[in-house]
Amino acid sequence: MRNVSFVVLVGLFLVAIAAVSLHYYLRARRSAQTSWGDLLKRLTWIDRNSIATIALDVIEESGEPRHRGDGFALDPASIWTLLGGLEGLETLERNCQVLIDLAAYLQTWYPEALVVAEQLRLNAREIEWHVGRLRGAAQTGNLMESFAAYAQRAVVTYYLMTQHLLELYSHAGFPKLAELQQAL
Amino acid sequence: MNVSGFDLFVWAATFLGHLLLLFVLWKRRRAAEFPVFTTLIATDVAKTIALYFVLHHLSKGTYFYSYWSMAVLDEALQFLLFYEIAVHVFCPLSVWANEVRKMFIGMVCGSALIALLLTLLASPVTQKRIQAVVIRGNFFCAVLISQLFLGMVILSARSGLPWKTHVARIAQGLGVYSLVSVVTGAAATYFGVAHDTHTFYVLARFRILTYFVCACYWVVMLWNEAPAPRELPEVMRTQIYTLQKQLEYDLIRLRSWRRS
């Protein structure tokens, strides 16, 4: 009897392994066949001006941090409105994955672009960290107190990511740069 | 120990397959890229020679202990190979990303726990206690390695880390062999070896035959070159490295800002 239940469990284990493998195999195949246009379609629209306004409140256009007093004009309520609250931040988080995929797309053509794709991945994790903190704050009822600090930092990271990615594609002389600029 | 003509054929074929694989690894300069995999194959060649000598010149008991002590070495090398593949996939720039490392450690612990639970449920009927230990040991390793490879596939897909051609082929071969080993291990547990050893040997032959097919697959795949990437223009190479430094700098700055 014990051996029968053992065989049933092993059977379930094998079915689970086969199902999960199939799922990820199909997913990998889909992403390998993803076209440039499909990737851009996955980007959720975000108001670029709002992103730039929030980011440039604390950094210069060069990416250097501003000094206190010079900038830092946005209050938490304005940041909340410009970004569209936690939902806007979650959109930003989803777009990060697309930014990584865009870097990976270039990597398929030029494998040495891996270094940049790696850095973009780290940036995306940074944003996930900020959004995770805010989700935690939302659960404990402290969202508004934490929103400005974490959200603005996430926006700065996102803003820099988009700038770096555009720069990378522009250096590569990628013919569809204009589409990317429009989408970002 | 009765060795059939089929056993001798598989033994010789696997031995020749391994020699051919070693030649491919050396000729195509893959040995430096995959030192553990090369060691595993070289150990298998040495093991086959040693066991052949022990079988024909020494006692049955010596053969038994030689066989199983070498099997332990083989399993240890398979775990090291798993680590080697993970390093190729998860730290292509020689640095582990923090979150990937944490997930990787969690995956290893979780897989070991599941493998242990399934192994504890296994109670093969055997004549000797050592046979049960061997069947359970093999089963544990097969379950663990098959889970680890699956975990790596999931982790790489979620982190957006692509697999290079040769790494993927080695992992596919080992993954398929581990899955077949899970099936044969479970069947060996179910049928046991107390009354009839025939089923056990049929299962063992099936597993060895699968391994032989995997070895042939590796020979072909590692002989072939990976698809050639486009050549990166020198100007773009410089720009990409400048951009990487800039991104690194941004990240450090953002992290210090978070702490302040």
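Things worth noting here:
- Buried accessible surface for the B/A pair, both sides summed and rounded to the nearest 100, is 5000 Å² with a 1.4 Å probe.
- In the context of the full set of protein chains, residues of the range B:5-229 present 50 Å² of accessible surface per residue (probe radius 1.4 Å, heavy atoms only).
- Pairwise centroid distance, computed over Cα atoms, of the range A:23-63 with the range B:100-139, Å: 43 Å
- Amide proton proximity set for A:ILE59, modelled H, under 5 Å, gap of 5+: A:ARG66
- Which of B:VAL183, B:VAL24 is most accessible, then next, and so on - probe 1.4 Å: B:VAL183, B:VAL24
- Cα-centre dipole for the range B:5-229 with unit charges at Cβ (Lys and Arg positive, Asp and Glu negative), debye to 20: 100 debye
The values are calculated or read from the model by the stated rules, or taken from the named source; none is laboratory data. Just so it is clear, the model here is predicted, and its values are computed rather than measured. Every residue, glycine as well, gets a Cβ built from its backbone with ideal geometry; the counts of neighbours run over all protein chains shown. Side chains are part of the model used for accessible areas, which takes the heavy atoms of the whole protein and leaves out ligands, DNA and RNA. Shrake-Rupley method; radii C 1.70, N 1.55, O 1.52, S 1.80 Å.
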